[in-house]
Amino acid sequence: EPEVTQTPSHQVTQMGQEVILRCVPISNHLYFYWYRQILGQKVEFLVSFYNNEISEKSEIFDDQFSVERPDGSNFTLKIRSTKLEDSAMYFCASSGPGGTQYFGPGTRLLVL
Amino acid sequence: GQQLNQSPQSMFIQEGEDVSMNCTSSSIFNTWLWYKQDPGEGPVLLIALYKAGELTSNGRLTAQFGITRKDSFLNISASIPSDVGIYFCAGRNYTGGGNKLTFGTGTQLKVEL
């Protein structure tokens with residue numbers, strides 16, 4: 001069964017460093033999303049992406065964040081200058097025309 | 001913003017018991033979904049509901065989309081140890097909200113053998 005994959009599974013970085021989280025969505029999906037989950041809390045929407053542009057973003061998704069689909073298979077989330085409060089699990093999701101979103105296993109980001 | 005509250009926050013039940021949890025919203029959604037999350041993993045879709053009043057089953061799971069479109073419940077019958085995890089409801093709107101999911105606060109289920 002097709003699934004969303006994410007790399008790396010864990011990332012440790014120093015405050016102020018840039019990180020890039022990578023996702024490979026399900027191959028025939030056209031809608032892509034990033035969510036985050038701070039430890040012990042609920043999953044929060046960050047951004048949705050369709051047709052090579054951002055379709056919606058939340059208040060969390062400020063100028064430090066950017067997304068890109070650099071080729072036909074990858075979808076990335078970049079955090080330009082990480083802060084301590086960026087420590088969280090980051091989930092990528094994708095959906096087809098029906099809209100049902102399927103989630104990847106997540107990347108655990110720890111900012112020191 | 002939209003708030004989804006789930007209850008109970010956690011529950012500890014005996015294997016074989018039925019479980020019921022619900023989700024209420026401060027505003028309307030036109031799609032409700034239920035996900036399960038195991039520790040260290042991503043949410044896995046259990047059931048999707050698309051119409052007010054809809055009742056849908058997936059094996060031992062049954063979920064309903066409330067008539068007011070502001071609530072949903074999930075029932076698990078005859079619980080087994082692998083039902084342990086956190087259950088999240090999520091709401092979605094196509095009008096004014098794009099395709100983003102708004103997640104609930106979660107219900108943690110623990111099953112005693």
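The values are calculated or read from the model by the stated rules, or taken from the named source; none is laboratory data. Bear in mind the structure is a predicted one, so any value in this text is a computation, not a measurement. Cβ sites come from the backbone with ideal geometry, for glycine too, and all protein chains shown count toward neighbours.
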Single condition B:S72 does not satisfy, out of (1) out of contact with any Phe, Trp or Tyr (no Cβ under 6 Å at 6 or more places or on another chain); (2) farther than 13 Å from B:L109 by Cα; (3) polar (S, T, N, Q)
(1)
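Considering only the range B:36-45, how many residues are farther than 13 Å from A:G104 by Cβ and either crowded, with 18+ Cβ neighbours inside 10 Å or facing chain A (nearest Cβ under 7 Å) (or both)? Explain how you work it out, then say what you get.
First, pick out the residues of the range B:36-45 that are farther than 13 Å from A:G104 by Cβ: B:36, B:38-39.
Those still in the list that are either crowded, with 18+ Cβ neighbours inside 10 Å or facing chain A (nearest Cβ under 7 Å) (or both) too: B:36.
Final tally of qualifying residues: 1.
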Identify, please: which residue in the range B:19-60 is among the small types (G, A, S) and touching a Leu at 6+ places or on another chain (Cβ under 9 Å) and is, among those, nearest to A:Y102 (Cα to Cα)?
B:A48
In the range B:65-100, residue modelled with the highest pLDDT [restricted to those that are within 14 Å of another protein chain (Cβ to nearest Cβ) and out of contact with any Ser or Thr (no Cβ under 9 Å at 6 or more places or on another chain)]:
B:G85
When you look at A:R108, is it surrounded by fewer than 20 Cβ atoms within 10 Å (Cβ to Cβ) and not in a loop (DSSP other than H, G, I, E, B), yes or no?
yes
Tell me yes or no: at least one residue of the range A:32-52 is under 13 Å from the mean Cα position of the chain (by Cα), within 11 Å of another protein chain (Cβ to nearest Cβ) and among the β-branched types (V, I, T).
yes
May I ask you to list the residues in the range B:48-65 that are in contact (Cβ under 8 Å) with a residue 24 or more places away in the chain and buried (at least 19 other Cβ atoms within 10 Å of the Cβ)?
B:A63, B:F65
Residues (among the charged types (D, E, K, R) and more than 22 Å from A:S95 (Cβ to Cβ)) located in the range B:39-74:
B:R60, B:K70, B:D71
Evaluation of A:G72 against (1) modelled with pLDDT under 95; (2) away from chain B (no Cβ under 14 Å); (3) assigned to a strand (DSSP E or B) (one fails), failing number
(3)
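Can we say B:K36 is under 28 Å from A:E59 (Cα atoms) and at pLDDT 95 or above?
Answer is yes for this residue.
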